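Peer 1: Mind having a look at this structure? Questions to follow.
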Amino acid sequence: MRVSTESIRPVLVAVVVAGVLTAVLVQLRGVPLWMADFDVYLAAGNAARQGHSLYDLRIDTAAFSDMKYTYPPFAAVLFEPLTFLSGIVVQSLSVFANALAMGGVLWLALGMAGVTDRRRKASFMAAGIVATMLLTPVLANTALGQVNVLVMLAVLVDFSPAMPKRWRGVATGFVVGVKLLPVLFVAYFVCTGSWKPAARAIVTFLGTVVVGFLVLPADSREYWLRGVVFEANRVADLADVQNQSVPGLIARASYGLSNSVWWLPVSALVAAAGLFGATWAYRRGEELLALTVVAFTGILASPVTWPHHVVWIVPVLVWLWYARWNADSRLPRIVFGLLVLWFVVPTFVLAVPESWRDHQLTVAQQVVVAVSGYFVITVVALALLPVWSRRLRTVEVT
């Protein structure tokens, strides 16, 4: 089958731009945060290869000490092949994969927002890959060697109209097996009546668990059967000032609150409210909006949410620019500009001193933490969904 130049141009554009960005960003290697989380992934891959316990690991990086592995065993199986590569090669691959994945995110988000012209999408994607790297969550994700952009891409692929129906749900189930945060998208399948994709997602996720038990049986028993999966304090103390979730806010307000599973009912209530809003958006034909509502609901409901988890701001910005508005679009464009400014300026870093970590905060300090980060802006944005609804044209779901 012949492949036209028109069909491969977006891929070539994304590859070239991602390659150039990789060459530029790898120069950040002297920054202390550089690949701190990626070092944990590699340590887990090494432990899996050498038969050491994943959940006894204590990893010291240039930025942090005594870091623990917090993902399911299946993720360590995926990281294992990376341990055979040299440091600079594997780190460059991480940056390249993140930049390329961002291109895919932009391409899919533009399509879901109604942009159909391929040249226009390719041009926007090329500029967008570079521009989004200036957003604090995305830059932090790339510098730390995180996988959040890759997870976001997998979810968007699953919900893309181009995804064959017989495969829908598989990508979501797979990334839930790697990182549990996207599990809310499985619930979203159920809420929108997409029973077969939900079943595929669950079966795929269970398949990752089975692979984990076959390859790393001891670690799998530790994680799934002995409660490690519920140990939120493996990631960090919930009261950590960088935690941008509802459980984090509550933990800071009640400093010293045990890191037990008290956060589960709180997170369940937040998730239920967010899924209600996402289902409403879906029924209005605004699936890109619905997906971002699910993503940010997960960010609020998670026991621990770091600023680099908020990479979902990228499809939000695409939706704001291209959504189907009833009247003039000045307000959405103004909001777009304000959000770009907010997410480019590292307000949290500027407003919250490092000395506030691991200390009980005053009420005023807690307000600064909530406002300067992404917590308040996320809550306000979700609460304003009914207001945005009056500015959107209803599109029938087919």
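Peer 1: Where the eigenvalues come from the Cα gyration tensor of the stretch 1-156, what are the semi-axes √(5λ) of the equivalent ellipsoid, largest first, in whole Å? Could the numbers behind the result be given before it?
Peer 2: Numbers: eigenvalues 203, 55, 39 Å².
Equivalent ellipsoid semi-axes, largest first: 32, 17, 14 Å.
Peer 1: Can you give me the long-range amide H partners of residue 57? Hydrogens built in the peptide plane at 1.01 Å from N, cutoff under 5 Å, separation of 5 or more residues or another chain.
Peer 2: Result for residue 57 returns 69.
Peer 1: Above 25 angstrom, tally the Cα pairs of the stretch 244-369 and express them as a % of all pairs, no decimals. Working shown, then result.
Peer 2: Details: 2925 of 7875 pairs.
Roughly 37 percent, rounded to a whole number.
Peer 1: Under a Cβ-Cβ cut-off of 12 Å, what is the net charge of the residues other than residue 306 that fall near it, where Lys and Arg count +1 and Asp and Glu count -1?
Peer 2: Numbers: positive: none; negative: 37, 240.
Combined, the nearby Lys, Arg, Asp and Glu give -2.
Peer 1: Same structure, new question: Have a look at 298, 111, 177 and tell me which one the Gaussian network model of the chain (Cα, springs below 10 Å) gives the largest fluctuation.
Peer 2: 111
Peer 1: Also, I was wondering about something else. Note the full-extension length gain between residue 331 and residue 196 as 0.36 nm times their separation in residues minus their Cα-Cα distance, in nm to one decimal. Before the final figure, lay out each step's value.
Peer 2: Numbers: separation 135, 0.36 × 135 = 48.60 nm, distance 3.87 nm.
Going from the current span to full extension adds 44.7 nm.
Peer 1: In the chain, which whole DSSP H runs stretch at least 27 Å along their own axis (Cα) and average 0.0 or higher on the Kyte-Doolittle scale?
Peer 2: Working: long enough: 5-25 (29 Å, 1.83); 87-112 (37 Å, 1.65); 195-215 (30 Å, 1.48); 263-283 (30 Å, 1.04).
Counting only whole DSSP H runs, the qualifying helices are 5-25, 87-112, 195-215, 263-283.
Peer 1: Report the full-extension gain for the segment residue 86 to residue 262: residue separation times 0.36 nm, less the Cα-Cα distance, to one decimal in nm.
Peer 2: Numbers: separation 176, 0.36 × 176 = 63.36 nm, distance 4.23 nm.
Additional length available on full extension: 59.1 nm.
Since every read-out is calculated from the coordinates, none of them should be taken as a lab result. The model shown is predicted, which means the values in this text are computed figures rather than measured ones. In this analysis, Cβ positions are derived from the backbone assuming ideal geometry, glycine residues included, and neighbour counts consider all displayed protein chains.
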